[in-house]
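The values are calculated or read from the model by the stated rules, or taken from the named source; none is laboratory data. Keep in mind the model is a prediction, meaning the values are calculated, not measured. In this analysis, Cβ positions are derived from the backbone assuming ideal geometry, glycine residues included, and neighbour counts consider all displayed protein chains.
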Amino acid sequence: MNYNGLTFFNYRERKLNHFLMRNILLPTHNRKNFMNYYLQATSTLFIISVLLFIHKDYLYRIWTQPKPGTVIILNGSSASGKSTLQKAIQKLAPVPYLSLGIDNFFNDVFPDEHGTLGTKTDTDFQHQLRSVEIKENIAHLKIGSEGQKIVHGMNAAIAAYAKAGNNIVVDYIMYDQAWMEELLHNLNNCPTYLVGVKVPLEVVEQREKNRSTSPIGHAKSHYNNVHIGNDYDMWIDNTELTPEQGALQILNFISSHPK
């Protein structure tokens, strides 16, 4: 059988050679492209493997660390009812909340008559740690260089509790805006709710006189500055609500605004 002078077998042989040249024996430029892709892929996989090995400890910590706990920061002046609100949240919350903040991580740890020591030390540390300056019946708190270290430790400790998976409610007084900025920075990636607690000054001053746990005029020293610059999630007016009502408002807000 002939096809234009070619035998059937010669015709089939030419078709087979043509197929081999086009599909099996790659042209030169295709072979180069294939080798380039292969080398790039191999190099990329090698680099990824090296990076994974170098950062294996860091990646292990990320993969195994617990989910951070929810943080509620109650910020307001002294005698504004934050501690009572804090206890109400602990009582009513459907999950455990730890109470941390300005008292147990700051005020109580100082070795002075205002801390748990309850008396003056043999060596006068007050200008290094903290001191109270009274001007025009207003008690101004002064934090020294050593006292600032306690502030940093407080903010770091609060964040450490949250990052370990604990839900915490924080009783806080922002004496300095830098304090709050540092705390919120430390709480990065933790679901945090910043709550402003407000009470009229005359109510705060009366509470201050009644309880005698801080110098008279202390609350007034920071009353006008304690909320400046804060972007609150919500406000609580502690003169209009009972602690339980305020706590429920906060817990309901968290439930309806998950972070």
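General remarks:
- Each residue in the range 69-95 was checked for being in contact with a helix residue (DSSP H, G or I) (Cβ under 9 Å, 6 or more places away or on another chain), closer than 16 Å to Leu194 by Cβ and assigned to a helix (DSSP H, G or I), and 3 of them qualify.
- Within the range 127-158, tally of residues that are crowded, with 16+ Cβ neighbours inside 10 Å and of a type in the set (Lys, Arg): 1
- The single residue among Ala164, Ala156 that is within 15 Å of the chain's Cα centre (by Cα), in the same structural domain as Asn104 (by TED's automatic domain parsing) and without any contact (Cβ under 8 Å) to a residue 40 or more places away in the chain turns out to be Ala156.
- Taking the criterion of being free of Cβ contacts under 8 Å to residues at least 24 places away in the same chain and outside any helix (DSSP H, G or I), the only residue of the range 177-188 that qualifies is Asn188.
- Whenever a residue of the range 127-147 is assigned by TED's automatic domain parsing to the domain that holds His222, its partners that are of a type in the set (Gly, Ala, Ser) and part of a loop (DSSP other than H, G, I, E, B), lying with C-beta atoms within less than 7 angstrom and at least six residues away or across chains, give the pairs His127/Gly144; Gln128/Gly144; Leu129/Gly144; Arg130/Gly144; Ile134/Gly217; Asn137/Gly217; Ile138/Gly217; Ala139/Gly217.
Yes/no matrix, rows are residues, columns are (1) of a type in the set (Ser, Thr, Tyr); (2) touching an Asp or Glu at 6+ places or on another chain (Cβ under 9 Å); (3) surrounded by fewer than 21 Cβ atoms within 10 Å (Cβ to Cβ):
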position	(1), (2), (3)
Val169	no, no, no
Tyr172	yes, no, no
Leu187	no, no, no
Val204	no, no, no
Pro215	no, yes, yes
Pro243	no, no, yes
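- Residues (in a loop (DSSP other than H, G, I, E, B) and under 16 Å from Val170 (Cα atoms)) located in the range 189-237: Cys190, Pro191, Val226, His227, Asn230, Tyr232, Asp233
- Residue match in the range 107-118 (condition: modelled with pLDDT of 90 or more, surrounded by fewer than 19 Cβ atoms within 10 Å (Cβ to Cβ) and outside any helix (DSSP H, G or I)): no
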